[in-house]
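The values are calculated or read from the model by the stated rules, or taken from the named source; none is laboratory data. Just so it is clear, the model here is predicted, and its values are computed rather than measured. Here the Cβ positions follow ideal geometry from the backbone for every residue, glycine too, while neighbour counts run over all protein chains shown.
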Amino acid sequence: MNIAVFVSRSTQFASRWALPILLFAIAFVARNAAAQNGYEGPTGIFVTPLAATAGSPAHGAGLPAISYHVLAGGPVIGTWNTVSLTEGFAKRFEVGYTREDHAAGNDATYSGLWTDGLNIFHAKAIVVPENAGKTKWIPGIAIGGIARTNDSNVWNGANGQSKTNGDIYVVATKIVTQTKKVPLVLNAGVRGTNSSLWGLGGNAPDWTARAFGALGFVFTGPGKSTIILASEVAQQPQRILNTSSTGVKSSLLDIPTSIDYAIRVVPLPKHKLNIDAGILQAAGRVAPTIDLKARARFAFGITYGF
C-alpha cells in the first residue's frame, strides 16, 4: 500500500502566491501515487520528514513535486508562505529548494523582529527501504539534512550573529496495513539542530538533539479518495540565541514543544494532488511579558507530484 502521510498548512490564501500555485497544481492533476512536500520542502509531514523520497524510477531522475504552503502565524509573528520544488533520484534520494517569504504581523512591539524570508536547501537518502528483505515489519529508514540561509528573523544578523542554521536527521517510517480498514502511519526520528522553530525563531544557542514523531490514520473517503487524520510532535531547542553589541551571547525565551493536528485529502488514487489543512501549536507565552500568540494557528498546503 503506497501511502505517504499527509499534512498541513494555513488557511490564509491572501498571499500573492496562493492563486497561481493552486491553478498550476490543479491544471496538471494526473497519474498515480500521493507525493507530498512538507513545509520546508522534504517529502514528509507538516514540519518533519518521512523516510520516503519524491517519486523516481530505479535508475535516473523522476519528475519533480511542487508545493505551496502558508502558515498563518498570527498578529505577532505574521504569515509565512513557502514555494518548494523537490526532485527524486533512483527511488532512494531527493534534493530540493524552498523559498520562504514573510508578511509582517501588526504587533507594534514585537512584529518588527521578523523581517525577511529565507532560503532552504534539503537532501535525503533512504538507507533501509520499508519492508526490506520481503518482511512486513521493517520500517523505512532515511537520513537527511536541511540548510537555511539568509535567516534574518528575530536576532539573526545582529552584532555579527550568523544568518545560517540547519538540521541533520534520521527518521524511520512504517505503514501498518495489518489494521485492515484503517491503516496506520507511524513516524519517528531525531534531528540535530541549531535553529529555533525551524528557523522562524532564529538560531538556537547550540547544536542539540531533538526528537520528533507522528501518528496517522488512513481512511477511504467518498469516490475512492483517501483521507488521513494525523498528529505530529516536534521538540524544539528551548532557547533562542541573542548576541549583544559587546559580543556577549545569551539564551532568551522559553520555546515549547510544537504540536500539530492535520488532515490530508488525496482526491483520487491516480492523482498526485494532495490538499492539506491543520492547526499548529507553536509558541505562546515564551516569557512573563512576551506572548507570541502562535499556539493555535491555521495552516494550508497543496502539493502536486508530476
Original post:
at pLDDT 95 or above, touching a strand residue (DSSP E or B) at 6+ places or on another chain (Cβ under 9 Å) and not in a strand (DSSP E or B) - does that describe any residue in segment 105-113?
Top reply: no
Original post:
Considering 189, 221, which residue is surrounded by fewer than 18 Cβ atoms within 10 Å (Cβ to Cβ), in contact (Cβ under 8 Å) with a residue 24 or more places away in the chain and farther than 27 Å from residue 293 by Cα?
Top reply: 221
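So that you can scan it fast, the table gives a plain yes or no per residue for (1) crowded, with 20+ Cβ neighbours inside 10 Å; (2) more than 24 Å from residue 186 (Cβ to Cβ); (3) touching a Gly at 6+ places or on another chain (Cβ under 8 Å); (4) among the acidic types (Asp, Glu):
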position	(1), (2), (3), (4)
107	no, yes, no, yes
110	no, yes, no, no
115	no, yes, no, no
137	no, no, no, no
141	no, no, no, no
148	yes, yes, yes, no
152	no, yes, no, no
156	yes, yes, yes, no
Original post:
Has segment 90-98 got at least one residue that is over 27 Å from residue 306 (Cα atoms) and part of a loop (DSSP other than H, G, I, E, B)?
Top reply: no
**OP:** Please state which one of 255, 302, 259, 290 is surrounded by fewer than 20 Cβ atoms within 10 Å (Cβ to Cβ) and touching a strand residue (DSSP E or B) at 6+ places or on another chain (Cβ under 8 Å).
**Re:** 259
**OP:** Would you mind stating whether residue 204 is hydrophobic (A, V, I, L, M, F, W, C), out of contact with any Gly (no Cβ under 8 Å at 6 or more places or on another chain), within 18 Å of residue 43 (Cβ to Cβ) and surrounded by 22 or more Cβ atoms within 10 Å (Cβ to Cβ)?
**Re:** no
Original post:
Restricting the first residue to segment 278-304 and requiring it to be free of Cβ contacts under 8 Å to residues at least 60 places away in the same chain and at negative phi, which pairs with a second residue that is part of a strand (DSSP E or B) and β-branched (Val, Ile, Thr) meet a Cβ separation below 7 Å and a spacing of at least six or different chains?
Top reply: 281/259; 296/279
Subject >> Matching entry among 126, 138, 120, 146 (being within 25 Å of residue 233 (Cβ to Cβ) and in a loop (DSSP other than H, G, I, E, B)) >> reply: 138
Original post:
Which of (1) at pLDDT below 90; (2) surrounded by 24 or more Cβ atoms within 10 Å (Cβ to Cβ); (3) of a type in the set (Phe, Trp, Tyr) is the odd one out, the single condition residue 24 does not satisfy?
Top reply: (2)
**OP:** Consider residue 163 carefully, then state whether it is surrounded by 14 or more Cβ atoms within 10 Å (Cβ to Cβ), among the basic types (Lys, Arg) and modelled with pLDDT under 95.
**Re:** yes
Original post:
Which of (1) modelled with pLDDT under 95; (2) among the small types (Gly, Ala, Ser); (3) under 23 Å from residue 228 (Cα atoms); (4) buried (at least 24 other Cβ atoms within 10 Å of the Cβ) is the odd one out, the single condition residue 33 does not satisfy?
Top reply: (4)
